[in-house]
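For reference, the structure discussed in these notes is given below.
Values quoted throughout were computed directly from the atomic coordinates according to the rules given, and no laboratory measurement underlies them. Treat the numbers as computed from the prediction; the structure is a model and nothing was measured. Here the Cβ positions follow ideal geometry from the backbone for every residue, glycine too, while neighbour counts run over all protein chains shown.
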Amino acid sequence: METIKRIISLLLALCLLAALCGCGAAKKDAPAEEPAEDTYNIITTETVKEPNPFERHEPAAASGSAKPGAEKEEPAAPQPEYEIPDGSVIPFDSTVGFTFGESLRDYTCTDVFLGDMTPYVKIRESGGLVYYGVTDSYGNFVEVSREITGKNRVVYLTFDDGPCGYTPRLLDTLAKYDAKATFFVIGVMGSLDICKRMVEEGHSVGAHSYSHDFRTCYSSVDAYFEDLQKLEDMISEQIGYETPLVRFPGGSSNAVAGRYCSGIMSVLREELPARGYQYFDWNVSSADGGGTEETSVVTDLVKKGISSNKVSVVLQHDIKLFSVKAVDEILRWGTANGYLFLPLNVDSTPAHHGARN
Ligand code: ZN
């Protein structure tokens with residue numbers, strides 16, 4: 001048994017050496033494979049130059065059996081695999097192994113040398129796939145993807161028009177469920193100090209508008225970007241960079257902007273990506289912008305909405321207390337049912353609306 005363990009360790013060390021010598025870099029340019037039907041596939045393995053975030057230590061002691069869902073029905077085996085002590089299956093060409101259950105939230109990540117790395121996994125969604133990435137102690141970055149199916153879904157909760165006095169409470173609720181969200185802030189509310197906390201806790205900050213005054217920000221294309229830059233300067237002061245995430249006041253399909261400048265939304269929809277921004281609309285409305293003032297209505301609309309999309313971008317407003325109050329139940333229900341609540345990034349599904357102006 002000891003001899004077998006030694007041979008496996010030697011093979012893994014050789015793989016690692018090969019990765020450090022550039023094999024990983026070569027893979028970077030390989031085209032992404034189609035996601036495996038059942039569990040996962042490695043899409044990228046590359047060496048990165050970021051500082052090593054992990055302390056090297058001895059492998060975790062063998063204990064217990066594999067998590068439920070680790071062994072999916074009839075896994076395709078395109079390459080040799082090793083059994084590592086906790087029962088997880090790792091691909092031949094990596095020291096990092098992921099196991100997944102049915103829910104997108106149900107995953108573990110184990111490194112042969114470093115043990116459990118689940119807490120270090122960073123998750124993102126792009127184009128209907130969820131990517132789980134982790135950097136090992138040698139600086140190697142491994143990312144695997146899962147396809148989002150009808151049963152496992154991604155939700156982007158977004159909150160417009162803040163921050164305000166309700167925002168800290170909302171952040172507390174999100175923390176309680178380890179859920180991430182996106183805040184499309186405005187400038188005229190005053191201090192954006194809380195943006196620091198948002199970013200520290202893993203949320204995204206997006207730019208909504210400095211003035212949120214349609215007459216001002218939609219009076220011309222130049223006026224729009226002047227208003228946006230004013231807000232970006234405020235955001236940058238707090239978080240150290242300008243956010244590429246933008247939500248138009250009224251959304252990209254709003255017809256009101258045309259009253260102040262005909263055709264402006266069509267121009268801005270082209271102009272924002274050209275300037276390095278990504279704009280986000282939504283595909284789930286909570287109706288808290290005027291349709292209701294009832295917490296229960298918001299809760300029901302959001303639950304119903306996210307049940308019918310594979311990827312949901314939910315619109316709420318953190319300046320509405322009744323809407324903020326709905327978030328606890330949305331997250332309780334959502335996390336219990338395996339939904340993954342992620343922060344938006346530039347590659348996320350943008351839920352763009354159709355053009356109306
Ligand atoms: Zn707004």
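Normalised by the residues of region 96-147, what does the relative contact order come to in percent, with Cα pairs under 8 Å and at least six apart?
Numbers: 76 pairs, mean separation 12.0, N = 52.
Relative contact order here is 23 percent.
Find, among the chymotrypsin sites (Phe, Trp or Tyr not before Pro) in region 240-332, those assigned to loop by DSSP (not H, G, I, E, B) with at most 16 other beta-carbon atoms within 10 angstrom.
Tyr241, Tyr260
Long-range amide H contacts for Val155: which residues qualify at under 5 Å (H placed 1.01 Å from N, peptide plane, sequence gap of 5 or more or a different chain)?
Ser312, Leu340, Phe341, Leu342
In terms of the Cα gyration tensor, with a ≥ b ≥ c the square roots of its eigenvalues, is region 231-279 rounded because a/c is under 1.5, prolate because a/b exceeds b/c, or oblate?
Details: a/c = 2.87, a/b = 2.00, b/c = 1.43.
In terms of gyration-tensor shape, prolate.
Can you give me the Kirkwood hydrodynamic radius for region 96-147, using every pair of distinct Cα atoms, in Å to one decimal?
It works out to 11.2 Å.
Report, in listed order, any pair from Lys176/Lys196; Lys176/Lys304; Lys176/Lys320; Lys122/Lys230 with a Cα-Cα distance greater than 25 Å.
Pairs exceeding 25 Å: Lys122/Lys230.
Can you check what the net charge comes to around Leu342, using other residues whose Cβ is under 12 Å from the Cβ of Leu342 (Lys, Arg +1; Asp, Glu -1)?
+2
Could you list the square roots of 5 times each eigenvalue of the Cα gyration tensor of region 154-341, that is, the equivalent ellipsoid semi-axes, sorted largest first and rounded to whole Å?
Semi-axis lengths for region 154-341 are 27, 19, 15 Å.
In Å and from the alpha-carbon atoms only, list the Rg and Dmax of region 133-184.
Spelled out, the Cα radius of gyration and Dmax of region 133-184 are 16.0, 43 Å.
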